[in-house]
Amino acid sequence: MYNEMMRAEIWLQDHLDSQQGIEDLASRLGYSTSQVRRRFKQCFGLSPSAYRDTLRLEKAARLLAFTPFSIQTIASRCGYRNHSAFSRAFQRYHNQTPRQYRQALRLKLHHNPYCQGHGGDPPKYEIRKAPSRQALVTRLYRKERSHPLRVLRKWANHAKGVESLPDRLRHGQTIALMHNIPLPSDVERIDVGPLINGNEAPGLAIPASFRLLNLPAQQHACVELESLENIPDVILYLVCEGLPKESLHASGEAVQVEWDAKNVLVRLPVQHA
């Protein structure tokens, strides 16, 4: 049941801008809508519809904070058919209108350690275009009192089915997609697993809790770090000061973190302003 509901949760995330309903999800899983609602709530504490609403409004918050997109564009990208419906839902969840939230959060973001001379040397970064790649990932959810960045250090201890992966993949270069960094979230989740070579995919036996993820060719702001704990402040610096100097902005997509035994590389997906 866990793997099925994890796939259901990922489907909801991937269809935030769609008007497809729970009936479509149930049909995809081969269950009745009542079964999906009951089992999903057992796993995540919310109905599928309420969970997707939360994901939509958290995505809207990221886009408001990190991109110059208009509120109308953000509403559409988050699955709302009109501006007023989006504004009402956003205000109920965040206790501010989208415009108020954007203004207040941007002021707050500028007070991280690297911005506006608040202390600490700004991180060095490069703008690079990564080729398309593939990864074999599983989804981890934040457990009570756990820190999402600390989970990365021992991700294999938390992932189901990892023992069936080849040794080379378990101990090789790993990637994590951080869907909720640096803003807080009620539904924190991380996709994590080994990067794989393109010719490896057809012959891999993929555990039920893993999926093959295609990472498209994309431009990133890249920073090498010694500590995972520095990631949130680095991302805030890039969004507030680094990227505007390059006439770029964050795309709003998940932060990518890659590491092996020696190095940690943070990739923030970006696009031209």
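The values are calculated or read from the model by the stated rules, or taken from the named source; none is laboratory data. Because the structure is a prediction, the values reported are computed rather than measured. Methodologically, a virtual Cβ is constructed for each residue, glycine included, from the backbone with ideal geometry; neighbour enumeration extends over all protein chains shown. SASA here: full protein model, heavy atoms, side chains in, ligands and nucleic acids out. Shrake-Rupley method; radii C 1.70, N 1.55, O 1.52, S 1.80 Å.
Among (1) 22.7, 74; (2) 19.0, 57; (3) 19.9, 65, only one was calculated for this model; which label is it, if the read-out is Rg and Dmax of the Cα atoms in Å? Label (2) holds the value from this structure. Express in whole angstrom the spacing between the alpha-carbon centres of segment 1-30 and segment 33-110. Result: 18 Å between the Cα centres.
Ordered by packing density, taken as the mean number of other Cβ atoms within 10 Å over each peptide's residues, highest first, how do 156-163, 169-176 rank?
Peptide ranking by packing, descending: 169-176, 156-163.
For CYS222, the solvent-accessible surface computed with a 1.4 Å probe is close to 0 Å², ligands and nucleic acids excluded. Taking 7 Å steps out from each Cα toward its Cβ at SER185 and ARG99 produces label points 2.9 nm apart.
Over the chain, Cα pairs under 8 Å with separation of 6+ residues give a relative contact order of 20 percent. Placing a pseudo-label 7 Å from each Cα along the Cα-to-Cβ vector at GLU241 and GLU4 gives an inter-label distance of 5.2 nm.
Sorting LYS262, LYS129, LYS154 by solvent-accessible area of protein heavy atoms yields LYS262, LYS129, LYS154, largest first, with a 1.4 Å probe.
What's the FRET efficiency of LYS108 with GLN173 using the Cβ-Cβ distance as r and R₀ = 45 Å, to the nearest 0.05?
0.85
The slack in the chain from LEU46 to ARG92, taken as 0.36 nm per residue of separation less the alpha-carbon distance, amounts to 14.9 nm. Report the label-to-label distance for ILE127 and ASP17 in nanometres (one decimal), using points 7 Å from each Cα along the Cα→Cβ vector. That separation, rounded to one decimal, is 2.2 nm.
What does the extension gain come out to for GLN72 and ARG153, with contour length at 0.36 nm per residue minus their alpha carbon separation?
25.3 nm
Residue separation of LEU204 and SER227 scaled by 0.36 nm, minus their Cα-Cα distance, works out to 5.1 nm of gained length. Cross-link partners of LYS154 among lysines, defined as those whose alpha carbon lies under 25 angstrom from its own and excluding same-chain residues fewer than eight positions apart: LYS143, LYS262.
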